[in-house]
Amino acid sequence: MRGTLGADGHDPDVSGQGGSPGRVVEHRSERERGSERGRTMGCMITGPAPRDCPFAILGLQPAFELDRGELQQRWLELSATLHPDRAADPEQAAIRLAVVNRAKQILEDDEQRAAALLRRLGGPGADTDKSLPDGFLEEMLETRDRLESAKASNDPRAAEELTLWADEKRAGIMRRVRDLFLLEAQAPDRRAEVLHAVRRELNAWRYIERLREQLADVAGP
């Protein structure tokens with residue numbers, strides 16, 4: 001069985017070097033096949049969920065591609081249950097409702113949802129793994145020079161071009177993250193490698209989001 005294909009028709013690159021990561025082995029051991037029974041919505045889930053896990057708070061299966069309707073429905077159900085006017089302890093209910101609302105906000109945001117899923121899968125955090133895809137930092141340094149030029153010249157057209165570039169970069173990162181999470185479920189022998197690849201993409205994603213925030217300031221209202 002092959003790993004899930006990426007948007008370009010090839011296996012997602014987990015090397016961080018732009019090369020082909022190779023194929024998932026076609027025949028798996030009995031232990032590997034048995035471990036598939038512990039997977040949830042395409043991801044290998046191990047151990048109890050942290051108390052602040054947004055998926056667990058809302059009672060949803062951990063996955064990058066969530067059913068937005070199911071998310072909304074679950075939030076409505078919990079919000080109704082925890083409404084202070086219906087609770088025996090309104091103060092505690094308000095605290096719990098704030099936690100539920102925060103969980104919903106995280107899962108509605110693509111980047112934050114990916115980070116929450118990576119954490120749930122036991123992947124590295126941004127504080128311990130600051131790696132980036134090869135060539136990305138150099139590309140960002142060049143882009144920041146263009147941003148500073150756009151600021152200095154107060155050129156909204158240049159800012160618009162950079163915004164389009166950033167949007168394309170973000171879309172590409174999102175596709176790769178999606179494919180990597182799918183590959184994580186299908187290639188247990190490469191799990192650690194894949195989760196580190198997800199972290200690299202998320203680190204790059206954070207750079208892109210900061211850039212988009214700065215571009216919004218240049219573009220103005």
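When only residues in region 43-62 that are in contact with a Phe, Trp or Tyr (Cβ under 9 Å, 6 or more places away or on another chain) and buried (at least 18 other Cβ atoms within 10 Å of the Cβ) count, which is modelled with the lowest pLDDT?
Of the residues in region 43-62, the ones in contact with a Phe, Trp or Tyr (Cβ under 9 Å, 6 or more places away or on another chain) are 43, 49, 58, 61-62.
Filter again for buried (at least 18 other Cβ atoms within 10 Å of the Cβ), leaving 43, 58, 62.
Values: Cys43: 61, Leu58: 96, Pro62: 95.
Checking each candidate, the answer is Cys43.
Is it true that some residue in region 21-31 is at pLDDT 65 or above and either at positive phi or assigned by TED's automatic domain parsing to the domain that holds Phe136 (or both)? So that I can check it myself, show each step before the final result.
So in region 21-31, the residues at pLDDT 65 or above come out as none.
No, that holds for no residue.
Could you tell me whether Ala7 is modelled with pLDDT of 50 or more, in contact with a helix residue (DSSP H, G or I) (Cβ under 6 Å, 6 or more places away or on another chain) and either of a type in the set (A, V, I, L, M) or not in a helix (DSSP H, G or I) (or both)?
Here the answer is no, as Ala7 does not meet what is asked.
The values are calculated or read from the model by the stated rules, or taken from the named source; none is laboratory data. Since the model is a prediction, treat every value here as computed from it, not as a measurement. A quick note on method: Cβ atoms are made from the backbone with ideal geometry, for glycine too, and the neighbour counts reach across all protein chains shown.
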